[in-house]
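Data block below; observations after.
The values are calculated or read from the model by the stated rules, or taken from the named source; none is laboratory data. None of the values given here were measured: they were computed from a predicted structure. Quick reminder, even Gly has a Cβ in these numbers, built from the backbone with ideal geometry, and neighbours come from all protein chains shown. These area figures cover heavy atoms from the full protein model, side chains too; ligands, DNA and RNA do not enter into them. Shrake-Rupley method; radii C 1.70, N 1.55, O 1.52, S 1.80 Å.
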Amino acid sequence: MGDRAYAPASKPVPVRATNGTANGGAGGPPRPAPPSMLPGGRVPPPPMYRPKPAQSRPPPRPPRRSARGWCCACCLWLTLVLVGLVLLGAIAAGVFYVVYRPQPPSFAVTSLRLAALNVSDSDALTSRIDFTVTARNPNEKIAFAYGDMAASFTADGAPLGDGVVPGFLHAPGNTTVIRGAASAAAATIDPVQAAALRSRKSHAMSAEMDAKVGFQIGRFKSKRISVRVLCAGFSAGLAKPAPPPAPAPAPDAEPTVVVAAAPAPARGRGRSRGRSPRSVVRTSSSSSSSGGGKMTPTDAKCKVRIKIWIWSF
């Protein structure tokens, strides 16, 4: 048999399928189309990558705090500052108390004399009171400076008279005896109070004294604050007129000598520590007493109140 020559079989040309199949294949995902061939059967190179130019962006803004955040921060800092000030004040007060041991002064109405008391039919009051107040300073290193002291007295609830005692310096460990007078001239009072004053011989008394007081420690002087002294629990009646003076003794008569006992020295811890005994200073108001009668001793204790604006402590 003779040899037959066959023509070489050509490669199948891929056909792009439109219904999801190509070259009689079964259904499946479509295959990408082959790249177009260059002359000579070469495959074209992939496209060159060109980076996109960077876009200019504005710088980021810092986050803004809301008004609520600022308010909370201010409240926090204010609370911390107040707590710090309170702690510093407490520490300073504790150190001051340990070093100086401060104590309030004490007052007492030691004697009183109702020199004059007259209530007219028209309920007009005319009166005069002579009084003695003893002030004691128990502190050893603190002095008190008192301004002019305004004193007012009441009897059975009715205002009986007003007076002013000049200011003074209350030295440490000092006892000061204050003598003053209060009076009222034709002051109109309530008819019920006027009737009570007419009908009673002994009257329940009370006193109220207001002054500006500051303390001194060495050269340091504090600002003066208002202090009120309240005294109650004592009574007084109209003083009897003084008896006429006794006639002068005859020249030949033997003179009479009256000897008064000297007061006993005060005993206390002050002398055991080498301190000097407490001194007594007597002060008196500018007005002088008139009328007879002796001062009636009383034992009326007084309370000291510190007045700041409308509050009293």
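Some notes on this structure:
- Checked against (1) touching a residue at least 24 places away in the same chain (Cβ under 8 Å); (2) part of a strand (DSSP E or B), residue 118 passes all but condition (1).
- Given (1) among the hydrophobic types (A, V, I, L, M, F, W, C); (2) surrounded by 15 or more Cβ atoms within 10 Å (Cβ to Cβ); (3) at pLDDT 90 or above, number of the condition residue 197 does not satisfy: (3)
- Just so you know, in the stretch 200-217 the residues that are among the polar types (S, T, N, Q) and modelled with pLDDT of 90 or more include one that is nearest to residue 104 (Cα to Cα), and it is 216.
- Residue check for residue 130: farther than 21 Å from residue 208 by Cβ, touching a strand residue (DSSP E or B) at 6+ places or on another chain (Cβ under 7 Å), of a type outside the set (A, V, I, L, M, F, W, C) and open to solvent by less than 80 Å² (accessible area, probe 1.4 Å): no
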